[in-house]
Every structure is written in structure tokens, then in C-alpha cells.
1. For region 178-206, give me each residue that is among the polar types (S, T, N, Q) and surrounded by 16 or more Cβ atoms within 10 Å (Cβ to Cβ).
2. Of the residues Val33, Val58, Val53, Val81, which is out of contact with any Lys or Arg (no Cβ under 7 Å at 6 or more places or on another chain), over 23 Å from Ala200 (Cα atoms) and touching a residue at least 12 places away in the same chain (Cβ under 8 Å)?
3. Got a sec? Which of Arg180, Arg151, Arg210, Arg146 is basic (Lys, Arg) and within 14 Å of Arg85 (Cβ to Cβ)?
4. Could you tell me which residue of region 168-191 is nearest to the chain's Cα centre (by Cα), considering only residues that are among the hydroxyl-bearing types (Ser, Thr, Tyr) and either within 21 Å of Ala35 (Cβ to Cβ) or assigned to a helix (DSSP H, G or I) (or both)?
5. From the set of residues in region 23-67 that are part of a helix (DSSP H, G or I) and not basic (Lys, Arg), which is nearest to the chain's Cα centre (by Cα)?
6. Would you mind finding the one in Gln72, Gln51, Gln86 that is over 20 Å from Val189 (Cα atoms) and of a type outside the set (Ser, Thr, Tyr)?
7. Please pick out the residue among Gly132, Gly163 that is in a helix (DSSP H, G or I), small (Gly, Ala, Ser) and exposed (fewer than 15 other Cβ atoms within 10 Å of the Cβ).
Amino acid sequence: MLRVRGLHCRYGRIPALKGVDVDVSAGELVALVGANGAGKSTLLRAVSGVQPVAAGRVEFDGEDATRMPAAQRVQRGMVHVPEGRQVFGPLSVEDNLLLGAYARGRAQRAASLERVYAMFPAMKSRRHHPAGTLSGGQQQMLAIGRALMGRPRLLLLDEPSMGLAPRLVAEIFACVQSLRTTDVAIFLVDQNARAALRIADRGYVLETGRVVLAGGGAELLANPEVQAAYLGL
């Protein structure tokens, strides 16, 4: 589904990614973990087309997407849930959701809306409320629901647990795990390495713009280097 090879990104003269290789297969949940400033969000932004690529290649479903505009990637089925949720606070919950389906037809929008409301019942009961009045956890669910409105085949999730209480973190990861029962491939970035790797089929560890470890989720959880650096063990 996703194939990234030799990816380099820069902010001015400062290198952020230095030859990154990652793969995400159809129906797979892959976690990317690492410290602050490692380049995790930059990688997702480069994959979704928000961040320019200095060198390397991004392939989506066998097609070269390296220079493809972000909107075209969405139409192909690649949808990005950005760090910090970034919901439109003054707009209603339902309007936020409908914005996620801008590239879909009216019939698809209606069907997707019912699907999201079935997944997140709290969204339906507050569908006419301004999104800015929701709690942090509800806003994160809204951001995920908005992405699902685009009918993604690849979902890029950036720090979904950021700033949430432990109970809400568990709810968000349960939600992410439930998406594995669909045909959606998930590329998950989160600083909560333990929770992310626990639900992942595979994982990558990113340090200063380079992949330094890769393997199964359980394998990385048991790796002494990962335990010492990211799990506090």
C-alpha cells in the first residue's frame, strides 16, 4: 500500500529526514515511534504531500506519489489525521465531518456520516454543537471520524493520544485498534511507544531522521534498546 524509499526532507538547510525507508501493507497497522524531534511528524507530512520531499520516493498502491499534490492523494485514498487534531472550532461537529468528504459524492457522504456516527455515538448527539466545545478526547475522535469520511485506504495518524488523560488514551487506542477490522491500512505515529507497539503488526524506531530499528510490534516491545529508550525499563 505504501512504499517509501530513501526519503530526505529539509527545513531550510536543516535535514529532518535522512534516507528513510518504510513500508505499510494493505490491512496492516504499522507504528512509528521515537523521541521528540526525531522526524516522525515530518515523515507523515511528506507521505501525505504536505511537506516537500528533497530526495527519495513515495509510492502509494504502486503509483509514484512523490510529487503528487496532497488533494490528489486524498482522492486516491490516503488521508492524514494531523498532530493536534486541528478541528474547525466554530463549525459544527457535522460540518467538520462533512469537510472530510469533500472529494466524495453526496450518496457516499451520507453513508459515511452514518458509519462515523455508529462508530462514535457521542458525535451524533452533539452533531450541531461547535467542535470547539468538545473535550480533547472528543475532538480527537472527531478528527479520526473526519478522516474516515474520506473513505481512506491508508490512514496516517499523527500523535492521537497527545495531551489526553490516561483513560482517554486507552479509548483512543481501542478506537484505532477497531479500525483494523476494516480494509484500512494504518500508519500510526505516537510518543506512547508502549501503547502504539502493543497494537501494531510491525514498527519502526526513528532517531534523528533515520530508521534505526524495525520489526514486529511485540519484538520491538521486548527489545532492550527500545525498553531503555522509550519504555522506561
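Throughout, read-outs are computed from the coordinates displayed, never taken from laboratory work. Remember, it's a predicted structure, so these values are computed and weren't measured experimentally. No Cβ is skipped: glycine too gets one built from the backbone with ideal geometry, and neighbour counts run over all protein chains shown.
1. Keep residues of region 178-206 that are among the polar types (S, T, N, Q), which gives 178, 181-182, 191-192.
If the condition is that a residue be among the polar types (S, T, N, Q) and surrounded by 16 or more Cβ atoms within 10 Å (Cβ to Cβ), then Gln191, Asn192 are the ones that fit.
2. Values: Val33 fails: over 23 Å from Ala200 (Cα atoms); Val58 fails: over 23 Å from Ala200 (Cα atoms); Val81 fails: over 23 Å from Ala200 (Cα atoms).
That would be Val53, the only listed residue that is out of contact with any Lys or Arg (no Cβ under 7 Å at 6 or more places or on another chain), over 23 Å from Ala200 (Cα atoms) and touching a residue at least 12 places away in the same chain (Cβ under 8 Å).
3. Step by step, each of Arg180, Arg151, Arg210, Arg146 is checked, and only Arg146 is basic (Lys, Arg) and within 14 Å of Arg85 (Cβ to Cβ).
4. Ser178
5. Of all residues in region 23-67, those part of a helix (DSSP H, G or I) come to 40-48.
If we keep only those that are not basic (Lys, Arg) as well, we get 41-44, 46-48.
Details: Ser41: 9, Thr42: 12, Leu43: 11, Leu44: 7, Ala46: 12, Val47: 11, Ser48: 10 Å.
Step by step, filter region 23-67, then rank; the result is Leu44.
6. Gln72
7. Gly132
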